[in-house]
1. Within 20 Å of Y110 (Cα to Cα) and part of a loop (DSSP other than H, G, I, E, B): which single residue out of R195, R165, R184 fits that description?
2. Among the candidates A132, A84, A122, which residue alone is part of a loop (DSSP other than H, G, I, E, B) and either surrounded by 23 or more Cβ atoms within 10 Å (Cβ to Cβ) or modelled with pLDDT under 95 (or both)?
3. Given the condition buried (at least 17 other Cβ atoms within 10 Å of the Cβ) and either modelled with pLDDT of 90 or more or part of a loop (DSSP other than H, G, I, E, B) (or both), answer yes or no: does some residue in segment 292-305 qualify?
4. Inspect segment 185-205 for any residue being in contact with a Phe, Trp or Tyr (Cβ under 6 Å, 6 or more places away or on another chain), in the same structural domain as H86 (by TED's automatic domain parsing) and charged (D, E, K, R) and give the result as yes or no.
5. Just need a number here: residues in segment 90-109 that are in contact with a strand residue (DSSP E or B) (Cβ under 6 Å, 6 or more places away or on another chain) and either free of Cβ contacts under 8 Å to residues at least 40 places away in the same chain or under 21 Å from K57 (Cβ atoms) (or both).
6. Taking segment 198-223 only, how many residues are of a type outside the set (K, R) and in a helix (DSSP H, G or I)?
7. Tell me which residues, restricted to segment 181-210, are closer than 16 Å to G94 by Cα, surrounded by fewer than 12 Cβ atoms within 10 Å (Cβ to Cβ) and either free of Cβ contacts under 8 Å to residues at least 60 places away in the same chain or polar (S, T, N, Q) (or both).
8. Restricting segment 306-344 to residues that are among the hydroxyl-bearing types (S, T, Y) and in a loop (DSSP other than H, G, I, E, B), which is nearest to the chain's Cα centre (by Cα)?
Amino acid sequence: MRAVCALILSLLCLEAFAVDASDRYRSPRNPERKIRPSTELIVLHTTEAPAKSSLAKLSERGECHYCVTEDGTIYRIVDRDKEAFHAGRSMWNGKEDIDKYSIGIECVGYHDKEMSLIQLYAIRDLVKDLKAMYRLTDDKVVTHSQVAYGAPNKWQKKKHRGRKRCGMLFAMPSVRRILELKTRMAIDPDVRAKRLVVGDPYLEKVLYGKTDTLRSAYANVRLPKSSSSAVAAQTKPRAPSASTGGGIMDWFRPSASSAPPSQPAKQQPARPRPAFKSIPSTIAELKAQGYTLRGKVTPGCTASQIAGARWNRADTYYTIRNKVIPGNTINPAKIEVDMGIWMK
């Protein structure tokens, strides 16, 4: 009875952290996959191919749990509590067949090339939710290149780490900073225990050394102090910015801190206050304030293609099912097909 209660409680806890993902590419292999005995790692991969072909292959073969595309869309491929065949020949800390102990996330992109911030933020949010679900620490978020190993062959006589560089960028400090992962493994536990030898010295320098080829690409990315600060920033007064678009509605209402000091000695004539503009909440209000529909999101046309750098500005609005969402509050993972994008 106690075991049953524990199981029910764990299932309720998992529901509390429901990942917002699309089931469009949910794998037909789901019914035949076994439930994992435990979840000890989150393994990040790179597809090394474009989204369309990658999603088709991943779905058909059930080769990961989630796939995150360039525009930040998260697709659920295999149910998160089941085995997905993503790691192949693998070992971590003496355990082989990592598929039985891990969640696999495929990220559309390449192991040594930078990814857009919208994609990295979606990966960050997904990883954060999964860490909370399974109570994993930051160092349990690893790359495929860290767990994959090669069998002896004519080039390498022993079992070796370095079979592939898949996901290599996710071990780089600059990328992990954006993913809000504060720690990483300092050494390969299987190489240290002499179960494996180093087969790719350069890869080892990236995974456990100071080699970071993307440091300059992400050097100027400023992150919030905490996960809740992004929400808090939407309600705190701040000046408009060309990159962020400012707060939700503080552009239109002068704050007390920015008001000129009073001058009791000389009465200044009162200045007319600018008309307050409310945030549009309907399509009719968008039109009344001069906004026009610039396009709709489709499988072949992303929000960033329609709105460019203004996709997450406060003066860009998304509409779906009679809802109006300001661009600076939208979750990139929730941008879906048929969303209208309105701009001036």
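1. Residue meeting the stated conditions: R165.
2. Only one candidate passes the filter, namely A84.
3. yes
4. The answer is no, given that none of the residues of segment 185-205 is in contact with a Phe, Trp or Tyr (Cβ under 6 Å, 6 or more places away or on another chain), in the same structural domain as H86 (by TED's automatic domain parsing) and charged (D, E, K, R).
5. The number of residues fulfilling the criteria is 9.
6. Going through segment 198-223 one residue at a time, the tally reaches 7.
7. Of everything in segment 181-210, those that are closer than 16 Å to G94 by Cα, surrounded by fewer than 12 Cβ atoms within 10 Å (Cβ to Cβ) and either free of Cβ contacts under 8 Å to residues at least 60 places away in the same chain or polar (S, T, N, Q) (or both) turn out to be I187, R192, K194.
8. So, considering only residues that are among the hydroxyl-bearing types (S, T, Y) and in a loop (DSSP other than H, G, I, E, B), the one nearest to the chain's Cα centre (by Cα) is T329.
The values are calculated or read from the model by the stated rules, or taken from the named source; none is laboratory data. Predicted, not measured: the structure shown is a model, and the values here were computed from it. Glycine gets a Cβ as well: all are built from the backbone with ideal geometry, and neighbour counts include every protein chain shown.
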